[in-house]
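Peer 1: One structure coming up, written as structure tokens, with questions to follow.
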Amino acid sequence: MTPADFEGKKILITGGLGFIGSNLAHRALALGAEVTVYDCLDPKSGGNHYNLEGVRDRVRLVINDVRNFEALCQAVLHQDLVLHCAAYTSHPNSMREPLVDIDINCKGTIHVLEAVRRFQPSARVLYVGTSTQIGPMHAPVIDEVHSEFPVDIYSANKCAGEKYTLLYGKAHGLDVAVVRLANTYGPRSNIRSADFGFINYFIGLALAGRALTVYGEGRQLRNVSFVGDSVEALLSVAARPASRGEVYFAVADRQYSVLELAQAITEQVGGSVARVPWPAERAAIESGDVIISNAKIRRDVGWVPRTSLHEGLGITRDYFKPVLAKYA
């Protein structure tokens with residue numbers, strides 16, 4: 001990927017005030033793209049105006065919802081690339097409010113795809129998927145052809161959204177691709193609620209000098225990724241025409257136990273670690289170890305993760321400390 005891949009390109013980012021979306025906006029602007037951010041600022045979805053600090057005057061901002069089909073149809077006009085990041089991201093909330101989750105993660109995705117099909121069929125669509133679509137491991141290592149048995153409504157609906165995207169590519173000839181992320185952390189994340197990822201929530205607790213609560217022994221393994229690496233993966237796939245119709249995992253090279261992650265955060269950021277019993281609602285949707293291969297994206301796209309956990313946590317700490325009030 002080079003700046004020439006994005007210079008002057010028009011990019012629409014749904015969920016662009018959120019964690020992944022806003023980091024994509026900053027990077028796309030740095031590469032010379034013209035960026036439109038589309039976000040509804042739902043308090044349960046993590047959007048934050050401050051995430052565009054420093055670039056707000058260079059972004060076309062549309063405050064609206066992916067459930068609003070007419071607004072999306074207007075937003076996709078003349079776009080070269082649609083980065084679909086908008087989602088209802090809470091695993092527990094999806095179990096309590098499944099119809100809301102379906103509306104945003106399924107119907108909202110159909111709205112994006114249908115708007116592109118009808119009004120901007122030349123645009124490329126990149127769907128941001130999640131490793132939790134897989135559910136429990138049924139092989140020693142998870143790859144892109146691993147079976148999918150999600151254990152919560154959010155993950156099931158993200159799985160469906162991915163399949164809709166691939167279906168629109170095959171049935172309607174849209175230029176689509178999928179990148180699945182896993183436990184992404186870093187600047188501009190929502191650090192005040194566990195609903196937006198346990199690592200970012202742990203970082204928020206650590207910045208406040210509080211205890212990081214690890215359920216049970218905390219031995220379950222997780223792939224984690226620094227947001228800068230995740231953004232490079234997404235844009236690298238977007239810039240590669242041969243990725244059309246493909247699905248990629250973009251994850252770091254190694255796994256850490258949840259306890260190891262908590263300990264690393266306390267060492268780099270602050271706070272302490274406290275082990276607590278598993279809450280029933282969390283135990284019911286726990287998938288166990290997650291060990292994912294990034295071999296396909298390395299081979300096909302040439303992307304490799306470059307940020308160590310130690311380095312990524314330091315960057316994240318240094319970003320948040322002077323602006324904590326903006327993320328309260």
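Peer 1: Output the residues belonging to the range 1-40 that are open to solvent by 30 Å² or more (accessible area, probe 1.4 Å) and either at pLDDT below 95 or more than 16 Å from the chain's Cα centre (by Cα) (or both).
Peer 2: Scanning the range 1-40 gives Met1, Thr2, Pro3, Ala4, Asp5, Glu7, Gly8, Lys9, Lys10, Ala30, Glu34, Cys40.
To keep it simple, each residue is scored yes or no on (1) assigned to a helix (DSSP H, G or I); (2) over 20 Å from Gly21 (Cβ atoms); (3) modelled with pLDDT under 95; (4) under 18 Å from the mean Cα position of the chain (by Cα).
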position: Ala242; (1), (2), (3), (4): yes, yes, no, no
position: Gly245; (1), (2), (3), (4): no, yes, no, no
position: Glu267; (1), (2), (3), (4): yes, yes, no, no
position: Glu281; (1), (2), (3), (4): yes, yes, yes, no
position: Gly288; (1), (2), (3), (4): no, yes, yes, no
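Peer 1: Next question. Taking the condition of a type outside the set (Phe, Trp, Tyr), over 23 Å from Thr213 (Cα atoms) and surrounded by 14 or more Cβ atoms within 10 Å (Cβ to Cβ), does Ile285 pass?
Peer 2: The answer is no for Ile285.
Peer 1: Which of (1) surrounded by 20 or more Cβ atoms within 10 Å (Cβ to Cβ); (2) over 12 Å from the mean Cα position of the chain (by Cα); (3) in contact (Cβ under 8 Å) with a residue 40 or more places away in the chain; (4) in a loop (DSSP other than H, G, I, E, B) is the odd one out, the single condition Ser189 does not satisfy?
Peer 2: (2)
Peer 1: For the range 112-156, which positions are charged (D, E, K, R) and closer than 16 Å to Cys85 by Cβ?
Peer 2: Within the range 112-156, just Arg124 meets the criteria.
Peer 1: Do you know which residues across the range 134-168 are open to solvent by less than 30 Å² (accessible area, probe 1.4 Å) and free of Cβ contacts under 8 Å to residues at least 12 places away in the same chain?
Peer 2: None; the set is empty.
Peer 1: May I ask you to list pairs of residues, at least six apart or on different chains, whose Cβ atoms are under 7 Å apart, with the first in the range 257-272 being under 13 Å from Glu217 (Cβ atoms) and the second being part of a helix (DSSP H, G or I)?
Peer 2: Going by the 7 Å Cβ cut-off, the qualifying pairs are Ala262/Phe202.
Peer 1: Follow-up. Which condition number does Ser308 fail, the rest of (1) open to solvent by less than 40 Å² (accessible area, probe 1.4 Å); (2) of a type in the set (Ser, Thr, Tyr); (3) within 20 Å of the chain's Cα centre (by Cα) being met?
Peer 2: (1)
Peer 1: It is to be established whether one or more residues within the range 294-310 are under 17 Å from Phe202 (Cβ atoms), touching a residue at least 60 places away in the same chain (Cβ under 8 Å) and in a helix (DSSP H, G or I).
Peer 2: yes
Peer 1: Looking at the range 301-323, is at least one residue among the charged types (D, E, K, R) and closer than 30 Å to Met95 by Cα?
Peer 2: No - not one qualifying residue is present in the range 301-323.
Per-residue answers, yes or no, for (1) under 22 Å from the mean Cα position of the chain (by Cα); (2) modelled with pLDDT of 95 or more; (3) under 26 Å from Ala250 (Cα atoms); (4) β-branched (Val, Ile, Thr):
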| site | (1), (2), (3), (4) |
| --- | --- |
| Asn200 | yes, yes, yes, no |
| Gly204 | yes, yes, yes, no |
| Thr213 | no, no, no, yes |
| Gln220 | yes, no, yes, no |
| Phe226 | yes, yes, yes, no |
| Ser230 | yes, yes, yes, no |
| Ala233 | yes, yes, yes, no |
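Peer 1: Looking at the range 43-61, is at least one residue open to solvent by 20 Å² or more (accessible area, probe 1.4 Å), touching a residue at least 60 places away in the same chain (Cβ under 8 Å), farther than 19 Å from Gly129 by Cβ and assigned to a helix (DSSP H, G or I)?
Peer 2: For the range 43-61, residues open to solvent by 20 Å² or more (accessible area, probe 1.4 Å), touching a residue at least 60 places away in the same chain (Cβ under 8 Å), farther than 19 Å from Gly129 by Cβ and assigned to a helix (DSSP H, G or I): present.
Peer 1: Tell me whether the range 251-272 contains one or more residues that are within 30 Å of Ser122 (Cβ to Cβ), open to solvent by 60 Å² or more (accessible area, probe 1.4 Å) and either touching a Pro at 6+ places or on another chain (Cβ under 7 Å) or not polar (S, T, N, Q) (or both).
Peer 2: Taking every residue of the range 251-272 in turn, none turns out to be within 30 Å of Ser122 (Cβ to Cβ), open to solvent by 60 Å² or more (accessible area, probe 1.4 Å) and either touching a Pro at 6+ places or on another chain (Cβ under 7 Å) or not polar (S, T, N, Q) (or both).
The values are calculated or read from the model by the stated rules, or taken from the named source; none is laboratory data. Here the structure is a predicted model, which means the values were calculated and not measured. Quick reminder, even Gly has a Cβ in these numbers, built from the backbone with ideal geometry, and neighbours come from all protein chains shown. To get the accessible areas, we keep the full protein, side chains included, count just its heavy atoms, and leave off ligands, DNA and RNA. Shrake-Rupley method; radii C 1.70, N 1.55, O 1.52, S 1.80 Å.
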